[in-house]
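Taking it in order: structure first as structure tokens, then the write-up.
The values are calculated or read from the model by the stated rules, or taken from the named source; none is laboratory data. Please read these numbers as outputs of a predicted model, since none were measured by experiment. Backbone-built Cβ (ideal geometry, glycine too); neighbour counts: all protein chains shown. Quick note on the areas: whole protein, heavy atoms, side chains included, nothing else; ligands and nucleic acids left out. Shrake-Rupley method; radii C 1.70, N 1.55, O 1.52, S 1.80 Å.
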Amino acid sequence: MTATQRVNVVASAILVLALAGSAATMRAIDHQRRPVAFKEVLYIRSPKALRIMSMGYTGLLADLYWTRAVQYFGYQHFHNSDDLHLLGPLLEIATHLDPKLFPAYQFGSNFLAPLPPNGAGDPDRAIALAEFGIRNNPNNWKLYYGLGFTYYLELKDYAKAAEAFRRGAEVPGAHPFVRILAARMSQHAGEFETSRILWTTTYQTSQDKDIQRNAVDHLKAIRVDEEVTELEKVVDRYREQMGILPHDISDVWGAGLLAGIPVDPTGKPYKVMPDGRVEVSDPDSLLYITKGLPPGHQSPLPKPVSQK
């Protein structure tokens, strides 16, 4: 056996032992049921150091950190924890080890920027991750979409959102809606419809079940917020015509102001309150809604995601 062969054998053995140790550590962490279990996950935060230590197996190591990021997110949500401060570093390490790891960028655009408990509350990190992805994958329109998504939904920075969507629209094969979104951002018009397009596109372009479920929950919330806004306008018209507020939603329908009894996404009818406000029947069954809530009631926490 030559000297080179001996070095390769020793290096491979060290790598196998290191990976086995990492797997054993991860299993040990997974078996702990303390809220602080994941605080000890990151011993090495430098992607450069990890790249050197991987001895060429960067793709494998990237997959390990990507898997850990998803498990960490699921674990924290399962325990209703607002602490997601490790999500950013885990995603950064995974993508620096493998800059083509697109699912990690998409996960970051959905869960890094939103405030806890829906995300890590770190929009600057989400933007930096998206820009890193764009530099390394300039022909992937979905990365520009994710960047615009963060600027619009989390920061309400319509100018930067428009610029991100415009850049994405110029990529060959980009989804047609990206150009529409760029125009809407520039005009800052049709906010409900714009949000609906964003979340629908997110659902259609992702294979990640957590991202898809998050998109569906937001689409339901958009529907509720839009319907409550319109129903309260109809209640005002009823009051102008009748001189009194309706007792319930059926009064409004009976006056010919509605085509039928409107129901929310759970199939339950909306309620008209004594002061004319419109509320959903079961506010705890609808995530992310901002309208139709009883006074002082907060939108419920997302359901725990399954641990992967």
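Going through segment 116-153 one residue at a time, which ones are modelled with pLDDT of 90 or more and not in a helix (DSSP H, G or I)?
Passing the criteria: Gly119, Ala120, Gly121, Asp122, Asn137, Pro138, Asn139, Asn140.
From the list Leu219, Leu287, which one is crowded, with 16+ Cβ neighbours inside 10 Å, outside any helix (DSSP H, G or I) and of a type outside the set (Lys, Arg)? Talk me through it step by step, then tell me what you get.
Values: Leu219 fails: outside any helix (DSSP H, G or I).
Of the residues listed, the single one that is crowded, with 16+ Cβ neighbours inside 10 Å, outside any helix (DSSP H, G or I) and of a type outside the set (Lys, Arg) is Leu287.
Got a number for residues in segment 124-155 being closer than 17 Å to His218 by Cβ and polar (S, T, N, Q)? Can you show your working first?
Looking only at segment 124-155, we keep the residues that are closer than 17 Å to His218 by Cβ, and these are 126, 145-146, 148-155.
From the residues that got through so far, the ones that are polar (S, T, N, Q) too are 150.
Qualifying residue count for the region: 1.
Could you tell me which of the residues Val272, Val224, Val278 is farther than 25 Å from Leu153 by Cβ and of a type in the set (Val, Ile, Thr)? Lay out the reasoning, then the answer.
Values: Val224 fails: farther than 25 Å from Leu153 by Cβ; Val278 fails: farther than 25 Å from Leu153 by Cβ.
It is Val272.
From Ser299, Ser285, Ser281, grab the single residue that is polar (S, T, N, Q) and touching a Leu at 6+ places or on another chain (Cβ under 7 Å). Before the answer, list the steps.
Working: Ser285 fails: touching a Leu at 6+ places or on another chain (Cβ under 7 Å); Ser281 fails: touching a Leu at 6+ places or on another chain (Cβ under 7 Å).
Within the list Ser299, Ser285, Ser281, the selection yields Ser299.
Taking segment 223-263 as the search range and keeping residues that are among the hydroxyl-bearing types (Ser, Thr, Tyr) and surrounded by fewer than 17 Cβ atoms within 10 Å (Cβ to Cβ), which one is nearest to Glu193 (Cα to Cα)?
Start the filter on segment 223-263 by keeping residues that are among the hydroxyl-bearing types (Ser, Thr, Tyr), which leaves 229, 238, 250.
Then drop every residue that is not surrounded by fewer than 17 Cβ atoms within 10 Å (Cβ to Cβ), which leaves 229, 250.
Numbers: Thr229: 14, Ser250: 28 Å.
Looking at the filtered set, the residue picked out is Thr229.
With respect to Arg179, is the statement that it is open to solvent by 50 Å² or more (accessible area, probe 1.4 Å), in contact with a helix residue (DSSP H, G or I) (Cβ under 6 Å, 6 or more places away or on another chain) and modelled with pLDDT of 95 or more true? I'd like the intermediate steps shown before the answer.
Values: open to solvent by 50 Å² or more (accessible area, probe 1.4 Å): yes; in contact with a helix residue (DSSP H, G or I) (Cβ under 6 Å, 6 or more places away or on another chain): yes; modelled with pLDDT of 95 or more: no.
No; evaluated as a whole, the condition is false for this residue.
Looking only at segment 188-214, how many residues end up being open to solvent by less than 10 Å² (accessible area, probe 1.4 Å) and free of Cβ contacts under 8 Å to residues at least 60 places away in the same chain?
Total satisfying the criteria: 3.
Could you please find all residues in segment 154-170 being part of a helix (DSSP H, G or I) and among the charged types (D, E, K, R)?
Taking segment 154-170 and keeping what is part of a helix (DSSP H, G or I), we get 158-169.
Result: Lys160, Glu163, Arg166, Arg167.
Okay, residues lined up against (1) open to solvent by 30 Å² or more (accessible area, probe 1.4 Å); (2) farther than 19 Å from Gln207 by Cβ; (3) small (Gly, Ala, Ser); (4) in contact with a Pro (Cβ under 6 Å, 6 or more places away or on another chain):
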residue	(1), (2), (3), (4)
Gly74	no, no, yes, no
Leu91	no, no, no, no
Asp98	yes, no, no, no
Leu101	no, no, no, no
Arg125	yes, yes, no, no
Ala130	no, no, yes, no
Gly133	no, no, yes, no
